[in-house]
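The values are calculated or read from the model by the stated rules, or taken from the named source; none is laboratory data. Model, not experiment: these values are computed from the prediction. Please note: Cβ atoms are built from the backbone with ideal geometry, for glycine as well, and neighbour counts cover all protein chains shown.
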Amino acid sequence: MTVFEPEAEIATLDTEEVGGEVVGRSPWELAGRRFLRNKLAIAAGVLFVLIIAVSLAAPLYAKHVADTDPFVSNLSGTFTQNGKTIQVIQQGGGKLGLGETPVGPTWHAKYFLGADSQGRDVAARVLYGGRASLLIGIGSAVLASLLAVVFALIAGFFGGWTDNLLSRLMDLIWAFPVYLLAISLATVLLTAPNGLKIGFVHVSPGSLWIPLVIIGIVYVPYIFRPIRGQVLSLREREFVESAIAQGASNRRLVFSEILPNVAPTVIVLMPLIIATTILTEAALSYLSIGVQAPQASWGTIVEDGQGLLYTRPWVAIAPGIMIVLTVLALNVLGDGLRDALDPRSKLRTKG
Amino acid sequence: MRARMVFLLVAALGLTAVLAGCGGSSKSSNSTTNSTSAGAAGGTFLSVAKGAPSGSPDPQINYTLQEWQLLIFSHDGLVAFKRVGGTEGTKLVPDLATSIPTPTDGGKTYKFTIRKGIKFSNGKELKPSDVKYTFVRLFKIGQSPNAGSWYNVIEGGDACVKTPATCNLDKGIVVDDANNTVTFHLTRGDPEFLDKIAVPFAFILPTGTPNKEVQIPPPGTGPYKWVEYNPNKEMKLVRNPYFKVWSKDAQPAGNPDVIVQKFGLSGEAQVTQVENGQADWMFDTPPADRLSEMSTKYASQVYVNPLTAVYYFAFNVRVPPFNNLKARQGVNFATDRNALVKIYGGPKLAVPTCQILPPSFPGYQAYCPYTKNPGSGKWTAPDMAKAQQLINASGTKGAVVKVNTDTTDVNKAFGLYFVGLLNKLGYKAQLQALSPDIQYPYCQNSKNKIQFCYSSWYQDYPAASDFLNVLLGCDSFVPNSNASPNIAEFCNKPIQGQMNAALQQGITDPTGANTKWAAVDKAVTDQAPWVSMFNPKYVNFVSKRVKGFQFSPQWYFLIDQASVK
């Protein structure tokens with residue numbers, strides 16, 4: 001039976017003997033060491049990086065492997081497999097010959113996962129879809145985090161009416177169910193026939209920036225609230241008061257004393273927020289108010305596959321699997337980061 | 001009827017709608033027009049649909065196939081389309097009138113004699129005054145969609161449109177209850193007047209029906225009466241105890257005792273219910289990925305019928321780049337209509353076309369200049385070389401083009417196809433997919449300066465002008481209006497002159513007029529205001545117990561003529 005000795009464990013992590021002298025480690029080094037001990041989190045991180053890599057390789061796959069343009073209809077196209085010419089869209093069978101069915105998975109280079117109802121290569125679209133989904137997921141999470149941190153630092157540090165104003169604004173956004181708010185914004189912005197014009201900024205109706213910004217905005221309060229609480233608490237800590245006593249400027253207090261202390265929280269939240277934003281993007285795109293055709297995202301491909309569930313289920317299943325794997329990897333990664341970065345989780349490092 | 005009806009009414013139909021009066025229906029290779037006598041009377045006919053008909057239940061307001069298919073056996077007009085399958089179903093026969101009158105006074109006067117002894121389902125006897133009351137009500141309720149375009153030809157109609165509350169039509173409709181006659185006076189000859197009074201807007205209602213929108217169709221003279229209209233649940237009709245057959249051609253007795261249509265089932269669920277015999281017919285078009293299964297396992301229960309309809313993309317002939325004839329013709333030559341047919345469901349469900357009029361329609365003569373090896377009148381393949389040559393000559397390459405369509409799967413797929421094609425031809429195309437609720441009005445309004453817009457059109461009644469004049473006539477373009485069916489904004493004075501001549505001739509010589517309409521069809525097609533894509537077919541899926549299926553070009557599946565016993 002192993003006996004867990006917390007003090008000894010902490011001592012092992014926090015210090016190291018170098019030439020007979022005990023040397024302390026920075027909190028970041030400690031976090032790195034803790035993270036590297038978490039094999040599951042590393043595996044999740046590797047999986048996430050792999051998903052990003054294959055998504056980035058989409059153009060290479062489309063050009064050199066599948067030999068196709070996954071954004072152009074290929075309804076009358078054919079391809080050759082094992083010496084046979086195969087129609088991409090095949091006429092229905094039976095006595096009446098009704099309906100047209102896209103070719104199913106060939107498990108070969110061309111149409112590996114089959115074609116969709118426009119005759120486009122599903123595998124290539126899934127990879128391209130990953131680029132859009134990840135771009136929007138990561139981009140909106142970064143945007144939400146940036147805005148939330150800025151607002152939280154201002155609100156928490158200055159307090160008073162500034163805090164009240166920003167907090168009520170965030171409460172206002174929070175008061176809307178997140179999907180309802182996202183759907184409302186997306187419906188207005190994406191269906192505006194001429195896109196969005198604000199001053200000299202013109203965003204075309206199909207731009208990826210629209211879902212990216214919408215999703216980023218709706219998640220700001222979810223990051224703002226914990227960060228603001230932390231800033232309020234840090235503002236009263238001794239090291240901050242000491243800096244104030246030494247005449248430190250507000251800028252220095254915010255950027256040198258407070259920000260570094262809230263950074264781990266943001267880092268811990270980031271993978272979880274990315275997972276959430278990817279799911280939100282998929283939901284919006286599935287409802288035709290996210291990524292716009294002929295561009296692809298995992299959500300749009302699931303939507304494309306919905307009408308083919310009965311005959312060509314892989315069109316919907318393949319992007320579904322990618323969404324599940326990505327979100328799973330991000331959640332496990334997020335847990336690993338939390339275990340590594342949250343000082344209060346030291347006792348969990350062994351467990 | 002298009003989006004008006006098509007996407008209100010036939011939106012429910014999903015992909016398609018009306019029929020082409022081409023000789024009945026063709027199910028696989030067999031005739032689908034079985035004899036009514038194949039079945040017996042009695043039983044309950046249960047149909048299923050996604051939802052209730054769009055709009056109001058009021059028969060003078062509703063403009064949906066879904067409700068019209070039921071109204072035809074609960075109500076009657078003075079004349080009717082013969083209630084049989086096949087091309088015979090496009091013929092007008094007398095219904096509440098004893099005969100179809102020959103117009104006098106240059107086509108401006110129609111005198112009808114009303115049959116005696118006919119009763120409404122509330123027991124009241126039909127009188128000529130009911131006819132006048134019905135038409136006055138049509139204007140007074142203020143929401144009848146075609147009051148101002150079809151029926152304002154009745155003298156006094158225009159005044160009624162302007163001030164519905166004071167409408168009386170005293171000059172336009174003269175009633176003689178003693179002699180059982182009704183005389184219509186029109187402001188001008190209208191070759192389609194009889195067609196217009198044979199549709200549900202003009203079905204006769206009893207005097208005293210409220211002059212405001214009703215929530216269930218009021219009593220009629222047909223073999224059934226409405227007993228339930230719950231848009232969240234179902235519509236239900238039972239036998240009208242006062243009905244006696246007066247004309248088998250116009251209003252035959254129905255077979256089922258009860259006819260029910262339940263709402264709230266997805267297309268998938270509808271197919272499954274019909275397969276299992278839990279429902280007798282699905283109103284909506286079967287989902288594409290169930291067609292193969294139906295075709296294989298349930299072929300004997302599937303009926304495929306051509307429709308008098310056309311699916312098309314309209315160019316805006318007043319906005320660059322398609323204000324250039326060569327550019328429009330070039331896109332027409334490049335369009336692979338087989339690919340579009342595949343999107344729709346394959347060659348068994350649609351036939352490529354280049355022209356405006358659908359096959360087997362008055363005035364139709366096969367014509368297709370936009371194909372490889374033209375001459376046969378049929379489209380065979382795209383001619384990319386010719387297309388590129390025309391587009392190069394047009395000098396429009398590089399122009400930005402918005403391809404406008406709606407967000408439904410099939411229509412969006414059409415749009416995506418054209419985005420790819422236009423990019424290939426050298427344009428910078430982008431998709432503009434709008435909600436089906438706003439897309440059609442958006443395209444109609446010239447303020448929006450659409451460039452290339454998806455639409456479709458289904459016949460209201462069998463007349464060439466219902467396509468050519470309604471969709472491409474000068475008067476059909478109403479600037480800055482959401483009700484301007486001439487999406488292409490096409491107005492060609494010489495061609496309009498030909499149309500007017502055909503309309504005039506149609507009052508006295510419909511056959512001769514159709515020759516003129518054929519020439520108009522060719523002339524318009526040459527001007528390429530549209531890319532006509534295909535003429536669709538309609539898939540009906542019925543349960544095993546349904547006998548006596550008949551498909552009318554005008555009303556589609558004649559539900560009451562089928563038997564479930």
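Computed quantities for the displayed model
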quantity: Subset of the range B:157-184 [of a type outside the set (Ser, Thr, Tyr), surrounded by fewer than 18 Cβ atoms within 10 Å (Cβ to Cβ) and more than 26 Å from the chain's Cα centre (by Cα)]; calculated: B:ALA159, B:LYS162, B:ALA165, B:ASN168, B:ASP170, B:LYS171, B:VAL174, B:ASP176, B:ASP177, B:ALA178, B:ASN179, B:ASN180
quantity: Residue match in the range A:186-202 (condition: part of a helix (DSSP H, G or I) and farther than 26 Å from B:GLN451 by Cα); calculated: no
quantity: Of all residues in the range B:422-443 being away from chain A (no Cβ under 11 Å) and more than 18 Å from B:THR407 (Cβ to Cβ), the one that is surrounded by the most Cβ atoms within 10 Å (Cβ to Cβ); calculated: B:TYR427
quantity: Flag if A:SER73 is within 26 Å of B:PHE414 (Cα to Cα) and either assigned to a strand (DSSP E or B) or of a type in the set (Gly, Ala, Ser) (or both); calculated: yes
quantity: Some residue of the range A:119-132 being closer than 21 Å to B:ASP409 by Cα, among the basic types (Lys, Arg), surrounded by 20 or more Cβ atoms within 10 Å (Cβ to Cβ) and within 19 Å of the chain's Cα centre (by Cα); calculated: yes
quantity: Selection within the range B:326-342 - in contact with a strand residue (DSSP E or B) (Cβ under 8 Å, 6 or more places away or on another chain) and either among the charged types (D, E, K, R) or within 14 Å of another protein chain (Cβ to nearest Cβ) (or both); calculated: B:ARG328, B:THR335, B:ARG337, B:ASN338, B:LEU340, B:VAL341, B:LYS342
quantity: Among the residues listed as A:ILE273, A:ILE217, the single one being surrounded by 22 or more Cβ atoms within 10 Å (Cβ to Cβ), more than 14 Å from every other protein chain (Cβ to nearest Cβ), part of a helix (DSSP H, G or I) and at pLDDT 90 or above; calculated: A:ILE273
quantity: Residue check for B:ASP289: within 14 Å of another protein chain (Cβ to nearest Cβ) and acidic (Asp, Glu); calculated: yes
quantity: Failed item, numbered, when B:GLN459 is tested on (1) surrounded by 23 or more Cβ atoms within 10 Å (Cβ to Cβ); (2) touching a strand residue (DSSP E or B) at 6+ places or on another chain (Cβ under 6 Å); (3) over 19 Å from A:SER204 (Cα atoms); (4) not hydrophobic (A, V, I, L, M, F, W, C); calculated: (2)
quantity: Every residue from the range B:197-219 that is in a loop (DSSP other than H, G, I, E, B), crowded, with 17+ Cβ neighbours inside 10 Å and in contact with a Pro (Cβ under 8 Å, 6 or more places away or on another chain); calculated: B:PHE203, B:LEU205, B:PRO206, B:THR209, B:VAL214, B:PRO217, B:PRO218, B:PRO219
quantity: Residue match in the range A:120-134 (condition: assigned to a loop (DSSP other than H, G, I, E, B) and closer than 30 Å to B:VAL304 by Cβ); calculated: yes
quantity: Residues of the range A:302-345 that turn out to be among the polar types (S, T, N, Q) and either touching a strand residue (DSSP E or B) at 6+ places or on another chain (Cβ under 8 Å) or farther than 25 Å from A:ILE289 by Cβ (or both), as a count; calculated: 3
quantity: Scan of the range B:301-348 for residues that are farther than 25 Å from B:GLY85 by Cβ, among the charged types (D, E, K, R) and touching a residue at least 12 places away in the same chain (Cβ under 8 Å), ordered by number; calculated: B:ARG318, B:LYS326, B:ARG328, B:ASP336, B:ARG337
quantity: Near pairs, Cβ below 6 angstrom, 6+ apart or cross-chain, from the range B:215-235 (in contact (Cβ under 8 Å) with a residue 60 or more places away in the chain) to any residue that is assigned to a strand (DSSP E or B) and among the hydrophobic types (A, V, I, L, M, F, W, C); calculated: B:ILE216/B:TRP226; B:PRO217/B:TRP226; B:TYR224/B:LEU237; B:TRP226/B:LEU237; B:TYR229/B:MET235
quantity: Residue check, B:TYR427 more than 22 Å from the chain's Cα centre (by Cα) and at pLDDT 90 or above; calculated: yes
quantity: Tabulated pairs, the range B:373-396, first more than 22 Å from B:PRO320 (Cβ to Cβ), second surrounded by fewer than 17 Cβ atoms within 10 Å (Cβ to Cβ), C-beta under 6 angstrom, 6+ apart or interchain; calculated: B:GLY377/B:ALA366; B:THR380/B:LYS372; B:ALA381/B:LYS372; B:ASP383/B:LYS372
quantity: Test: residue in the range B:380-394 that is β-branched (Val, Ile, Thr), assigned to a helix (DSSP H, G or I), modelled with pLDDT of 95 or more and more than 20 Å from B:ALA519 (Cα to Cα); calculated: yes
quantity: Subset of the range B:296-315 [among the hydroxyl-bearing types (Ser, Thr, Tyr), surrounded by 24 or more Cβ atoms within 10 Å (Cβ to Cβ) and within 14 Å of chain A (Cβ to nearest Cβ)]; calculated: B:TYR303
quantity: Any hit, the range B:42-64, residues being touching a residue at least 12 places away in the same chain (Cβ under 8 Å), crowded, with 23+ Cβ neighbours inside 10 Å and in a helix (DSSP H, G or I); calculated: no
quantity: Qualifying positions in the range B:352-398 - aliphatic (A, V, I, L, M) and within 14 Å of chain A (Cβ to nearest Cβ); calculated: B:ALA381, B:MET384
quantity: Filter result (under 26 Å from B:PRO362 (Cβ atoms), in contact with a Phe, Trp or Tyr (Cβ under 7 Å, 6 or more places away or on another chain) and touching a residue at least 60 places away in the same chain (Cβ under 8 Å)) within the range B:147-192; calculated: B:PHE184, B:LEU186, B:GLU192
quantity: Options B:PRO359, B:PRO352, B:PRO321; residue that is of a type outside the set (Phe, Trp, Tyr) and within 22 Å of A:GLN118 (Cα to Cα); calculated: B:PRO352
quantity: Filter result (of a type in the set (Gly, Ala, Ser), surrounded by 17 or more Cβ atoms within 10 Å (Cβ to Cβ) and touching a helix residue (DSSP H, G or I) at 6+ places or on another chain (Cβ under 8 Å)) within the range B:147-156; calculated: B:ALA147
quantity: The range B:72-125: number of residues that are in a strand (DSSP E or B), of a type in the set (Ser, Thr, Tyr) and either without any contact (Cβ under 8 Å) to a residue 12 or more places away in the chain or buried (at least 20 other Cβ atoms within 10 Å of the Cβ) (or both); calculated: 2
quantity: Cβ-Cβ under 8 Å pairs, at least 6 apart or on other chains, the range A:69-92 side in contact (Cβ under 8 Å) with a residue 12 or more places away in the chain and facing another protein chain (nearest Cβ under 9 Å), far side buried (at least 19 other Cβ atoms within 10 Å of the Cβ) and of a type in the set (Phe, Trp, Tyr); calculated: A:PHE71/A:TYR128; A:SER73/B:TYR417; A:LEU75/B:TYR417
quantity: Selection count, the range A:93-113, where residues are within 13 Å of chain B (Cβ to nearest Cβ), part of a loop (DSSP other than H, G, I, E, B) and in contact (Cβ under 8 Å) with a residue 40 or more places away in the chain; calculated: 1
